[in-house]
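All remarks here apply to the structure that follows.
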Amino acid sequence: MKRSILRAAKVIRSKNSGPYELTLDILFKDREHFELFRRRNIVTKRKIAALYRRPVGDILKIVYFEPSNALKITMRRPIPSGDAGETDIYGAQQHAPLLRLTY
Amino acid sequence: MAAKTGRKKEFRVLSATAILGYGFPESSFREGLKRRPDLIGVDAGSTDPGPYYLGAGKSFTNRAAVKRDLRFMLTAGVRRGIPVVIGTAGGSGARPHVDWCEEIIREIAAEEKLTFKMGVIYADVPKSRVLRHLRKGEITPLTYVPPLTEAVLDETVNIVCQMGVEPIQKALAVGCQVVLAGRCYDPAVFAALPISLGFDPGLAIHMGKILECAAIAALPGSGADCAFGTLRRDSFVLESLNPKRVFTKVSTAAHTLYEKTDPYHLPGPGGELDLTGCSFTELPGGKVEVRGSRHVESERYCVKLEGVRRVGFRTIAVAGTRDPIMIRAIDQILAGVESQVKDILKAETVEGRIFFHVYGKDGVMGALEPEKRVCGHELGIVIEAVGPTQEAADAVCSLTRSTLLHYGYPGRISTAGNLALPFSPSDARMGEVFEFSLYHLMPLARPDDFPTRVITMRGGKETK
């Protein structure tokens, strides 16, 4: 039985990184969970693309940041912030699909 | 002024709040003053609220709230001889935003009878200058941004560039005690003065990067509280000024991630902040010490341009439905309404685009929404119409609303009306619609050369 990401993470959030990118942060509860995710390569561009129904090419970067036991995913916004058809100008409510991650 | 002490061991900075106008507790501000700051700084802007504010020349923050925050900063700074630096005035930092903020400062100066010299720095870039660089192939789009064309540039309004520390340093060097800057690299507000005093640019900019969001980087975080930074020769220390908050290693490091693409490499005017060798250490008393941040200058000094273009006008209507039969068929119903409306508009030669924001389905995530089931008992629907004129947007919104209200879908049993409308009037004009059109890098030969006005206020009145 796989465990929910919520057992490993204490913060899961999304925000614009400028008007053209969306950035997702996962802050792990401790170094052990951070290392586990990094070692087992649990979060991949392919997985994120599937969760967000985007082409893999739209996932720009996955970076592990040790000082805050964090994992950062940056992807292309479906449209630039504020273009016609926008749903979330700040990009602050685009994190929920990450809650489906398991390990 | 602090500039006299060339061999200063430390440089202390009071950051008033995350964004000018977001407020701060007076007690935190007083606590900061007790620590005898060498600088009071505040970042006043962001592109986060979207393209409208830059295009319309309006602030996304409230005038009364901005005035309240500035009154504390100016009176304390002027009376105690502490420089006050404000960056990205008016939220977007173009000329109308800077002028708006200057007017507020003049009001406060008059009311408080303040005497000071102020440098007002504009960040606007003439279109002709961008065009010159464009024709030389020197305008580089940032990631995912389309290359700039002359046609797009022509439609673009209120072009600004993010200035670095140099123009602020120049204004401070001629004795300005208050610096009001247009669009500005957020950390430059806090880093300009210590860098001119010989402090390490990497540490100064990294400290500025955290202080520009003030207590957002503390635990618990807040966008409406002060923070304090002490810059030393080989480190900087952050502390909260509110007993309810602390800085922790994780809160500080986590903030370095915030709104950034890559936390190890943070580009800015003329270079990049390299945090690969950076360490965060907790000190007693809820403080955090940061070491090892480096600033790497780029080969060519470039600044980021920002600009927007008007794409039309918007009118919206807010509605809801509680009918389970309608909710089950919502996609087909909205598609049917849209095509019926478009047929009528075509015949009437009214142009306009229709967007349905369906809350309870995918109103929040749109194309990114992986959940396809709709399981709520009601849906919120925002009808959005964008047209070339306000009248066109009104017409499209009105027709879409009335068509949806009385649309006869298969299996319909609620034949008196499909929508619950909370307001009368049901439709609201939202005014101009802008889109980002410029988010590119441009080389800058003279990073300190920005149009600057110096004003001298004596007892609240301007003197020549």
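No lab work stands behind these numbers, since they all come straight from the coordinates. All values reported here derive from a predicted model rather than from experimental measurement. Using ideal geometry, Cβ is built from the backbone for each residue, glycine included, and neighbour counts are taken over all protein chains shown.
Which lysines does B:Lys287 reach when only Cα atoms under 27 Å apart count, and residues fewer than 8 places away in its own chain are ignored?
Qualifying lysines at Cα under 27 Å: A:Lys10, A:Lys15, A:Lys29, A:Lys72, B:Lys8, B:Lys9, B:Lys34, B:Lys209, B:Lys244, B:Lys249, B:Lys260.
Would you mind working out the magnitude of the charge dipole of the protein assembly as shown relative to its Cα centre, with +1 at each Lys and Arg C-beta and -1 at each Asp and Glu C-beta, to the nearest 20 Debye?
1640 debye
For chain B, build the charge dipole from Cβ charges (+1 Lys, Arg; -1 Asp, Glu) around the Cα centre, then report which of B:Ala110, B:Gly90, B:Ala395 sits farthest towards its positive end.
B:Ala110
Which Cα, out of B:Val130, B:Pro51, B:Gly119, lies furthest along the positive dipole direction of segment B:38-140 (beta carbon charges, K/R +1, D/E -1)?
It is B:Val130, whose Cα lies furthest towards the positive end.
Summarise the partner chain shielding of B:45-54 as one whole number: the mean count of Cβ atoms from other chains within 10 Å of each residue's Cβ.
4
Based on DSSP H runs of at least 4 residues, each adding -39500 (n - 2.57), what is the mean residue ellipticity at 222 nm of chain B after dividing by all its residues, to the nearest 500 deg cm²/dmol?
That comes out to -9000 deg cm²/dmol.
What is the Cα coordinate range of chain B on the first, second and third principal axes, sorted by size from largest, in whole angstrom?
Its Cα atoms span 81, 51, 47 Å along the three principal axes.
In what sequence, highest mean first, do A:79-89, B:311-321 appear when ranked by Cβ atoms within 10 angstrom?
B:311-321, A:79-89
So between B:Ala347 and B:Tyr359, what do we pick up on full extension, going 0.36 nm a residue minus the alpha carbon distance?
Gain in length upon complete extension: 1.2 nm.
Ignore the peptide's own chain and count Cβ atoms of other chains within 10 Å of each Cβ in A:68-74; give me the average, rounded.
Counting Cβ atoms of other protein chains within 10 Å of each residue's Cβ and averaging gives 5.
Identify the GluC sites (Glu not before Pro) of segment B:258-360 meeting these criteria: DSSP loop state and at most 11 other C-beta atoms within 10 Å of the C-beta.
When the GluC sites (Glu not before Pro) of segment B:258-360 are filtered for loop state and at most 11 Cβ neighbours within 10 Å, B:Glu299 remain.
Whole angstrom only: what separates the Cα centroid of segment B:214-293 from the Cα centroid of segment B:303-382?
Value for the Cα centre distance between the two parts: 41 Å.
Would you list, by chain and number, the aspartates and glutamates whose Cα falls below 15 Å from the Cα of B:Lys136, excluding same-chain residues fewer than 8 positions away?
Cα-Cα hits under 15 Å: B:Glu150.
Could you work out the pair-distance distribution P(r) of segment B:173-299 from its alpha-carbon pairs, with 10 angstrom bin width and percents rounded to whole numbers?
Using 10 Å bins, I get a P(r) of 13, 46, 33, 8, 0 for segment B:173-299.
What is the magnitude of the charge dipole of chain A about its Cα centre, with +1 placed on the Cβ of each Lys and Arg, -1 on the Cβ of each Asp and Glu, and no other charges, expressed in debye to the nearest 20?
For chain A, the charge dipole is close to 560 debye.
Among B:Phe434, B:Gly460, B:Ser235, whose Cα sits farthest toward the positive end of the charge dipole of the protein assembly as shown (+1 at Cβ of Lys/Arg, -1 at Cβ of Asp/Glu, about the Cα centre)?
Going by the charge dipole, the pick is B:Ser235.
Suppose the chain between B:Arg79 and B:Val454 were pulled fully straight at 0.36 nm per residue; how much longer would it get relative to their current alpha carbon spacing?
133.1 nm
Once you place label points 7 Å from the Cα toward the Cβ at B:Glu462 and B:Lys244, how far apart are they in nm?
That separation, rounded to one decimal, is 4.0 nm.
Could you pull out every one of the aspartates and glutamates with an alpha carbon less than 20 Å from that of B:Lys361, ignoring same-chain neighbours closer than 8 positions?
B:Lys361 reaches A:Glu86, A:Asp88, B:Asp323, B:Asp331, B:Glu338, B:Glu369, B:Glu371, B:Glu378, B:Glu384.
Across peptide A:75-82, what mean number of C-beta atoms from other chains lies inside 10 Å of a residue's C-beta?
Mean number of neighbouring Cβ atoms from other chains: 6.
Could you list the GluC sites (Glu not before Pro) in segment B:5-69 that lie in coil according to DSSP, counting only those with at most 16 other Cβ atoms within 10 Å of their Cβ?
B:Glu10
Cα-based Rg of chain A per 2.2 N^0.38 Å, rounded to two decimals?
This ratio for chain A stands at 1.06.
Quick one: plug the Kirkwood hydrodynamic radius of segment B:359-447 (C-alpha pairs) into Stokes-Einstein at 25 °C, 0.890 mPa s, and report D in µm²/s.
The diffusion coefficient I find is 145 µm²/s.
May I ask you to order B:33-43, A:58-68 by the average number of other C-beta atoms within 10 Å around their residues, highest value first?
Highest mean packing first, the order is B:33-43, A:58-68.
Specify the inter-centroid distance of segment A:1-51 and segment B:402-435, based on alpha-carbon positions, in whole Å.
Spelled out, the Cα-based centre of one part sits 40 Å from the other.
Under unit Cβ charges (Lys, Arg +1; Asp, Glu -1), what dipole magnitude, rounded to 20 debye, does chain B have relative to its Cα centre?
1700 debye
Over the Cα atoms of segment B:306-405, each weighted equally, I'd like the Debye log10 I(q)/I(0) at q = 0.11, 0.13, 0.20 Å⁻¹, rounded to two decimals.
Reported log10 I(q)/I(0), two decimals: -0.36, -0.49, -1.00.
With the crude spin-label approximation of a point 7 Å out along Cα→Cβ, what separation in nm comes out for B:Arg68 versus B:Leu142?
3.1 nm
Taking 7 Å along the Cα-to-C-beta vector as the label spot, tell me the B:Arg322-B:Gln390 distance in nanometres, rounded to one decimal.
3.5 nm
Treating each Cα of the protein assembly as shown as an identical point scatterer and ignoring solvent, apply the Debye formula and state log10 I(q)/I(0) at q = 0.06 Å⁻¹.
Summing over Cα pairs of the protein assembly as shown leads to -0.34.
Taking the highest mean first, how do the peptides B:126-137, A:6-17 order by number of other beta carbon atoms within 10 angstrom per residue?
Top to bottom by mean Cβ count within 10 Å: A:6-17, B:126-137.
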